[in-house]
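The values are calculated or read from the model by the stated rules, or taken from the named source; none is laboratory data. No experiment lies behind these values; they were computed from the predicted model shown. Note that we place each Cβ from the backbone using ideal geometry, even for glycine, and neighbour counts take in every protein chain shown. Side chains are part of the model used for accessible areas, which takes the heavy atoms of the whole protein and leaves out ligands, DNA and RNA. Shrake-Rupley method; radii C 1.70, N 1.55, O 1.52, S 1.80 Å.
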Amino acid sequence: MSQSDLPYQLFDADNHLYEPPEALTKFLPKKYANAVKYVQVDGRTKIAIRGHISEYIPNPTFEVVAAPGAMEDYFKNGNPEGKSRREIFGKPIKATPAFREPAPRLELMNELQIDRALMFPTLASLLEERMKDDPELIHAVVHALNEWLYETWSFNYENRIFTVPVISLPIVDKAIEELEWVVERGAKAILVRPAPVPGFRGTRSFALPEFDPFWKRAVELDVLITMHSSDSGYARYAAEWDGGNQEMLPFVTNVFKMMNEWAPIRDAVASWVCHGALFRHPDLKFAVIENGATWVPGLFEQLAAVYKKAPEGFGFQDPVAALKKALYISPFWEEDLGALADLLGADHVLFGSDYPHPEGLAEPTRYIHELKDLPEADQALIMGGNLARLLKV
């Protein structure tokens, strides 16, 4: 597709960088030096969190990776031949500088015709779940990662690459301190894990009144909350059915887990209204990234049914209306984008390619073809206008 074929600029809500080992270790305080280690196991480098080797990401150095878009056919047409994940991924490639550094990434974005992008870390998604019994450690490691992100990528690179720092919420004062630290350095969006928040006395919802000071400050700073696909800790539920005590392994087939794949994000979005945060902070906006959208109609239907039976549980405020005001979604390219636009409004749908992950699109501009039946004005909103408005760029 030539540049002249694009009638509008593209603002991709879902791009990724690949972190080197120093991303988690360079700025980690000495007292936590043993919390994150890279170790050799049978000739392969693995990441060990507090001495426990994780297989969550099989190659945590990202020296070689699956090719961008390697799974396109799988997500569009399924897997009738029952191929293994290794077969679906195809031949791996060496990670290029564009996956590691902002300047070459900008050159690649020019080639891909992406004008702007939210840039998410990749390895960060494993951290919180594996440290959930030590809230202070979580905050220390997350800050170390954010320091590396800022040093290497910045949070606003030439007003085109907007790297998204991680904010963890276990200790509210520390979360607010981290929020202010990243926003002072240019962050326009932050990543909050769609999961119960670990704490000294167990987990609890991020939407409980305890966290109101954080959300109030986020609204004051006018920062976009993003909830990207992550390890939300739900592997323990599948393990209770499967037997054993397994960690989340996103690249290993488990059909029972696949049946409940969207339970974490569905519960997280429901929590915003069931625990009242959106009613107490009506100006808050959040974007759901790389979690698809097939779960949205069912969630809205169930919330409407519960509201009909127990309006007092929502303070007599419509939970579906509150979500439609606050919620923005980046659906998968293979889903029914028109139906989502009808449900949420085209002004609440965001284009996201997941580049350069194998689950995404090798050519992000192909997303446009999935919108061909929508009015061009709606296409322009989805492909970049909505996100540009949210971030005020």
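The table that follows gives values for the structure above.
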quantity: Cross-link reach list, lysines versus Lys83, counting only Cα pairs under 22 Å and skipping chain neighbours closer than eight places; calculated: Lys91, Lys257
quantity: Solvent-accessible area, 1.4 Å probe, carbon plus sulfur percent, for the chain; calculated: 51
quantity: Links that overshoot a 22 Å alpha carbon limit, given the list Lys46/Lys174; Lys26/Lys46; Lys30/Lys216; Lys26/Lys188; Lys216/Lys309; calculated: Lys46/Lys174; Lys30/Lys216; Lys26/Lys188; Lys216/Lys309
quantity: Solvent exposure ordering (accessible area, 1.4 Å, most first) of Trp241, Trp148; calculated: Trp241, Trp148
quantity: Under-5 Å amide H pairs with Lys132, H placed in peptide plane, nonlocal only; calculated: none
quantity: Theoretical FRET efficiency, 1/(1+(r/R0)^6), r = Cβ-Cβ of Glu101 and Ala321, R0 45 Å, to 0.05; calculated: 0.55
quantity: Solvent-accessible area per residue, Å², over the chain with all protein chains present [probe radius 1.4 Å]; calculated: 44
quantity: Length released on extending from Gln302 to Lys216, taking residue separation times 0.36 nm less the Cα-Cα span; calculated: 28.2 nm
quantity: The chain: most fluctuating residue of Lys174, Lys132, Lys91 per GNM, C-alpha cutoff 10 Å; calculated: Lys91
quantity: Highest-fluctuation residue, Arg105, Arg185, Arg266 considered, GNM on the chain with Cα pairs under 10 Å; calculated: Arg185
quantity: Simple spin-label estimate for Glu81 and Glu111 in nanometres, 7 Å along Cα-Cβ; calculated: 2.8
quantity: Spatially proximal aspartates and glutamates relative to Lys372 (Cα-Cα < 18 Å; intrachain offsets below 8 disregarded); calculated: Asp5, Asp12, Glu334, Glu335, Asp336, Asp342, Asp347, Glu363
quantity: Simple label model, 7 Å out from Cα along Cβ direction - Glu63 to Thr253, nm; calculated: 3.0
quantity: The chain: relative contact order as a whole-number percent, Cα under 8 Å and 6+ apart; calculated: 21
quantity: Over the stretch 158-197, relative contact order from alpha-carbon pairs under 8 Å, at least 6 apart, %; calculated: 56
quantity: Label point at Lys94 placed 7 Å out along Cα→Cβ; residues across the stretch 33-73 whose backbone nitrogen lies under 17 Å; calculated: 61-68
quantity: Candidates Pro165, Pro135, Pro29, ranked by Gaussian network fluctuation over the chain, Cα under 10 Å, top entry; calculated: Pro29
